[in-house]
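Enquirer: Below are the structure tokens for one structure; questions will follow.
The values are calculated or read from the model by the stated rules, or taken from the named source; none is laboratory data. Every value quoted in this text rests on a predicted model; they were computed, and no experiment measured them. So basically every Cβ, Gly included, is an ideal-geometry build from the backbone, and we count neighbours across all protein chains shown.
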Amino acid sequence: MMINTKTAIQQARIYIYELDNCAREFGFKADEGWKLNVLSDAEKVVVEKQYHPVISVKALPEVLSELFNLVKDALSQVKPNIINSMTPENLSMCGLQYLVAYNPKRVR
């Protein structure tokens, strides 16, 4: 799904809703959470092959940073143990186009 700047807040809400539903559906325990990352298409495929479940959304490069921050902030309010490895420098790297969340404890 491609999103634009006008829908970043709405898309963040939908993404968070999907993460919450998926966590409930897969019975995440209290010590389990999502690892949030921004990845290229090739990196996303690797993550999808290694972990299950994986929730991703494709975004325009100029919206990706804002979307990542909105989702990260909302998730950290609910679950302070969220893991992310993104810095502003990472977000500016070319080729990154997906916001991807996965549970590092749930390997395929």
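Enquirer: If you go through the range 50-72 one residue at a time, do you hit one that is over 12 Å from the mean Cα position of the chain (by Cα), surrounded by 14 or more Cβ atoms within 10 Å (Cβ to Cβ) and within 26 Å of V107 (Cβ to Cβ)?
Expert: yes
Enquirer: Here is a list of conditions, (1) part of a loop (DSSP other than H, G, I, E, B); (2) under 9 Å from the mean Cα position of the chain (by Cα); (3) aromatic (F, W, Y), and F28 meets all of them except one; can you say which number that is?
Expert: Unmet for F28, out of (1) part of a loop (DSSP other than H, G, I, E, B); (2) under 9 Å from the mean Cα position of the chain (by Cα); (3) aromatic (F, W, Y): (2).
Enquirer: Being of a type in the set (A, V, I, L, M), surrounded by 12 or more Cβ atoms within 10 Å (Cβ to Cβ) and either more than 11 Å from V100 (Cβ to Cβ) or out of contact with any helix residue (DSSP H, G or I) (no Cβ under 9 Å at 6 or more places or on another chain) (or both) is the filter here; which residues of the range 20-44 pass it?
Expert: Across the range 20-44, the qualifying residue is only A23.
Enquirer: For residues in the range 75-108 being within 19 Å of D31 (Cα to Cα), assigned to a helix (DSSP H, G or I) and aliphatic (A, V, I, L, M), which is modelled with the highest pLDDT?
Expert: L75
Enquirer: Another one. Out of all the residues in the range 38-45, is one or more at pLDDT below 85 and either in contact with a Phe, Trp or Tyr (Cβ under 8 Å, 6 or more places away or on another chain) or among the aliphatic types (A, V, I, L, M) (or both)?
Expert: Within the range 38-45 (the criterion being at pLDDT below 85 and either in contact with a Phe, Trp or Tyr (Cβ under 8 Å, 6 or more places away or on another chain) or among the aliphatic types (A, V, I, L, M) (or both)), the answer is no, since none of the residues qualifies.
Enquirer: Among the residues that make up the range 66-74, is at least one of them in contact (Cβ under 8 Å) with a residue 24 or more places away in the chain, in a helix (DSSP H, G or I), touching a strand residue (DSSP E or B) at 6+ places or on another chain (Cβ under 8 Å) and of a type in the set (V, I, T)?
Expert: yes
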